[in-house]
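*Asks:* I am attaching a structure below and will ask some questions about it afterwards.
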Amino acid sequence: MDSAVIEVEGLRKEYRRMRGGRTLAVDGLDMSVPQGGVFGFLGPNGAGKTTTIRCLLGLVRPTAGRCTLLRADVHAALASVIDRVGSIVETPALYPRFSGRLNLELLSRLQGIGRGAVDAVLDQVGLADRAGDQVRTYSLGMKQRLGIAAALLKDPEVLILDEPANGLDPAGIKEVRDLVRRLSSQGRTVFVSSHQLAEVQQMCDRVAILSRGRLVATGKVAEVLSRGRREVLIVKLRELEAGLGALRTAGLEASMEDGSLRVQLPASEGAKVTEILASRGMFVSELRPEEVSLEDVFLELTQEPSPSQDHVAR
Amino acid sequence: MSNLLRVEFRRLLSRRIVRFAGAVVLLGLLIAGLVLFVRSHRLDAASAARLQAKEEAKYEQAIASCSAGDFGIPPSDVPKGETMQQFCQEIVQPPSIPNPAFHLTQYRAVAEGLSGLLIALLTVLGATSAGAEWHSGTVTTQLTWEPRRTRLLVAKVAVAGVFAFVAFFAVEALLFGVLAPAALFRGSTNGIDAGWFAGTGVILLRAAAVAAMGAAIGHTLAWLARNTAVAVGAALGYAAVVEPLLRAARPKWEPWFLVSNAVRFITAHPLDFTTQARSTTGAGILLAAYTVGAVVVSLAVFRRRDVT
């Protein structure tokens, strides 16, 4: 994909353990993140999200495969694009005994970024008032916001955020969501890993779901939500039994569940249901497509037994 | 690279342990200077004569006591042909008049004495500088700004070394500054001339170079171990246990030992108990080679190992 800002091809990462074992963290991952928008990177704990991010940022050397960031090979030419990439990896690691401002100033000077930018990002994440305090006195949420501020300092084209809402309260989570959407609307690409599926569903344009180091689904959020599912209409009416019989007689696949009828039809064909029922003197009180949450899809996909159950090779 | 060096300097100077160590050293020097100033005083001729007479009287009294048998020396211990008084004159120390005036020429010995302590302190500071980075996880953050690991580590080691060199000189200069008033106003500056300054300067220059190399080695060890305690333990263990044991077991290896060569390089004299030693220049070159070797090993490992 020409417009891809992040590409991962056949990425495999095995960690060698001290006592001779090996842990397979990422197992042949292929992924492409297009330019612009918010890309959600999902997976349960230990799925390999952070390892993938570390490979993308050159912190970890892949066992096999390659990663490119802004079309630069990470292994060979990361330095040529790093000034266009802002990132947080896990909990932001900053000097605990330095103030938030000093931490940002030290980073900004690495690339000759002025103090004005430090003040601007501190304002942007709402930390201007506490910028003079030592980072060790910050709450987890404040550290997270300082990490986001550090990631924004470079005015990056691509933001890679590993669990940016980790430790934030609901208001903080909403702030991060709004910030991410705002950054995306400015034309930046935001690659965000998260466990908070409801947030991802609201925030992301595309997602990739990782399970046991492998990609199990990727695409636009709507595509992933409908992946392998037949669309269902939920129909409520007073005469459930009669309605069910009428719909089945008309050749529709229908069932009764929890005080409503489930009809296997796309939402665009809802009129067919009302027509059949109305022609028999029954009138619907509610007709809506069944909503599938990302959480349902995520759980369904990530709880599937993996072809390689022997994940941890000893 | 210059941005990286500036940032590293700023980070190092902002560290609490550096400021704390600086404050402790400064306070210690000021106290030492004050105590010396109070205790040092010049003797006039009358006082010197009075002191001389007092010391001589003490000496005569000690000889008399010894000859009278108060020291409990059995007559069989007295060599044949000598009287007890002659023997006592041999064993009782002749009088020496303590000179309470501080001579500024003594600064060189004091500075050399302080060098060992400073080198050890700066080696530990170099190690903590690296260990703290791994402990707080900031290496990860820095690599997301400067992914070229060679540049990053070389800058850090260079800053640790330069800082140690400058800090060493600053402390020794400060030492001179706090000792000088005692010599100027209540002691003596005899023998202080351009030659003395040049000789002292060369010794301090070599000692500062050893401090810089110590800090660089401390830094690379901690970077390698990703931990301060391991690096300090290894350095201390080597200096206090491994090298003395090797010296006893393999005296022929003496020209290769780190501490022996450091002493040799600073003082331009071999250790008292050494039988084989390099030249001063040879010792310096060997120390530099060890430092470069440590950096190269640390760099090779850093380039290969994952940062997790």
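*Asks:* Which condition from (1) surrounded by fewer than 16 Cβ atoms within 10 Å (Cβ to Cβ); (2) at pLDDT 85 or above is the one that residue A:140 breaks?
*Replies:* The single condition residue A:140 does not satisfy is (2).
*Asks:* I've got another one for you. When you check residue B:159 against the structure, is it more than 25 Å from residue A:91 (Cα to Cα), within 14 Å of chain A (Cβ to nearest Cβ), in contact (Cβ under 8 Å) with a residue 60 or more places away in the chain and crowded, with 18+ Cβ neighbours inside 10 Å, yes or no?
*Replies:* Judged against the criteria, residue B:159 is a match.
*Asks:* Moving on to the next point. Any idea which residue in segment B:129-146 is most open to solvent (accessible area, probe 1.4 Å), counting only those that are more than 7 Å from chain A (Cβ to nearest Cβ) and not β-branched (Val, Ile, Thr)? Don't jump to the end; show me each part of the working.
*Replies:* At the first step, the residues of segment B:129-146 found to be more than 7 Å from chain A (Cβ to nearest Cβ) are B:129-135, B:139, B:142.
Remaining after also requiring not β-branched (Val, Ile, Thr): B:129-135, B:142.
Values: B:129: 5, B:130: 0, B:131: 5, B:132: 32, B:133: 0, B:134: 39, B:135: 165, B:142: 15 Å².
Among those residues, the one meeting the criterion is B:135.
*Asks:* Now for a separate question. Filtering segment A:78-116 down to residues that are modelled with pLDDT of 90 or more, open to solvent by 20 Å² or more (accessible area, probe 1.4 Å) and more than 9 Å from chain B (Cβ to nearest Cβ), which residue is nearest to the chain's Cα centre (by Cα)?
*Replies:* A:84
*Asks:* Same structure, new question: State the number of residues belonging to segment A:29-49 that are open to solvent by less than 40 Å² (accessible area, probe 1.4 Å) and out of contact with any helix residue (DSSP H, G or I) (no Cβ under 9 Å at 6 or more places or on another chain).
*Replies:* Residues in segment A:29-49 being open to solvent by less than 40 Å² (accessible area, probe 1.4 Å) and out of contact with any helix residue (DSSP H, G or I) (no Cβ under 9 Å at 6 or more places or on another chain): 6 in total.
*Asks:* Which number in (1) over 18 Å from the mean Cα position of the chain (by Cα); (2) within 13 Å of chain B (Cβ to nearest Cβ) marks the one condition that residue A:155 misses?
*Replies:* Result: residue A:155 fails condition (2) only.
*Asks:* Another one. Residue by residue through segment A:184-194, note down the ones that are under 15 Å from the mean Cα position of the chain (by Cα) and assigned to a helix (DSSP H, G or I).
*Replies:* Once the filter is applied, which keeps residues that are under 15 Å from the mean Cα position of the chain (by Cα) and assigned to a helix (DSSP H, G or I), segment A:184-194 yields only A:184.
*Asks:* For segment B:12-26, check the following and say yes or no: at least one residue is of a type in the set (Phe, Trp, Tyr), in a helix (DSSP H, G or I) and more than 14 Å from every other protein chain (Cβ to nearest Cβ).
*Replies:* No, segment B:12-26 has no match at all.
*Asks:* Turning to a different aspect of this structure: Does residue B:153 meet the test of being assigned to a helix (DSSP H, G or I) and either open to solvent by 10 Å² or more (accessible area, probe 1.4 Å) or within 14 Å of another protein chain (Cβ to nearest Cβ) (or both)?
*Replies:* Here the answer is no, as residue B:153 does not meet what is asked.
*Asks:* Continuing with the same structure: Taking segment A:217-244 on its own, how many of its residues are open to solvent by 30 Å² or more (accessible area, probe 1.4 Å) and at pLDDT 85 or above?
*Replies:* Qualifying residue count, segment A:217-244: 8.
*Asks:* Looking at (1) out of contact with any Ser or Thr (no Cβ under 7 Å at 6 or more places or on another chain); (2) not in a helix (DSSP H, G or I), can you tell me which one residue A:165 breaks?
*Replies:* If we test residue A:165 against (1) out of contact with any Ser or Thr (no Cβ under 7 Å at 6 or more places or on another chain); (2) not in a helix (DSSP H, G or I), just (1) comes out false.
*Asks:* A further question follows. In segment A:270-287, which residue that is of a type outside the set (A, V, I, L, M) and surrounded by 13 or more Cβ atoms within 10 Å (Cβ to Cβ) is modelled with the lowest pLDDT?
*Replies:* This residue is A:270.
*Asks:* Let me ask you something else. With modelled with pLDDT of 90 or more, crowded, with 17+ Cβ neighbours inside 10 Å and part of a helix (DSSP H, G or I) as the only criterion, which of B:301, B:295 stands out?
*Replies:* Numbers: B:301 fails: crowded, with 17+ Cβ neighbours inside 10 Å.
Result: B:295 is the single residue among B:301, B:295 that is modelled with pLDDT of 90 or more, crowded, with 17+ Cβ neighbours inside 10 Å and part of a helix (DSSP H, G or I).
*Asks:* Shifting gears a bit: Tell me yes or no: at least one residue of segment B:111-128 is within 14 Å of chain A (Cβ to nearest Cβ), free of Cβ contacts under 8 Å to residues at least 60 places away in the same chain and out of contact with any Cys (no Cβ under 9 Å at 6 or more places or on another chain).
*Replies:* No - not one qualifying residue is present in segment B:111-128.
*Asks:* Residues of segment A:16-48 being within 14 Å of chain B (Cβ to nearest Cβ), in a strand (DSSP E or B) and either within 21 Å of residue A:205 (Cβ to Cβ) or free of Cβ contacts under 8 Å to residues at least 12 places away in the same chain (or both), which ones? Working first, answer last.
*Replies:* First, the residues of segment A:16-48 that are within 14 Å of chain B (Cβ to nearest Cβ): A:16-18, A:22-23, A:25-26, A:46, A:48.
Right, trim to in a strand (DSSP E or B) and you get A:16, A:22-23, A:25-26.
Answer for segment A:16-48, where residues must be within 14 Å of chain B (Cβ to nearest Cβ), in a strand (DSSP E or B) and either within 21 Å of residue A:205 (Cβ to Cβ) or free of Cβ contacts under 8 Å to residues at least 12 places away in the same chain (or both): just A:16.
*Asks:* Which members of segment A:1-28 meet the condition of being touching a Cys at 6+ places or on another chain (Cβ under 9 Å) and open to solvent by less than 30 Å² (accessible area, probe 1.4 Å)?
*Replies:* Within segment A:1-28, A:6, A:8, A:11, A:13, A:26 qualify.
*Asks:* Still on this structure, I have one more. Any residue that is in a helix (DSSP H, G or I), touching a residue at least 40 places away in the same chain (Cβ under 8 Å) and either touching a Phe, Trp or Tyr at 6+ places or on another chain (Cβ under 9 Å) or open to solvent by 20 Å² or more (accessible area, probe 1.4 Å) (or both) - is there at least one of those in segment B:85-93?
*Replies:* no
The values are calculated or read from the model by the stated rules, or taken from the named source; none is laboratory data. Keep in mind that what you see is a predicted model, and the values were worked out from it rather than measured. Here the Cβ is made from the backbone with ideal geometry for all residues, glycine too, and neighbour counts use every protein chain on show. The accessibility values were calculated without ligands, DNA or RNA, using every heavy atom of the protein model including side chains. Shrake-Rupley method; radii C 1.70, N 1.55, O 1.52, S 1.80 Å.
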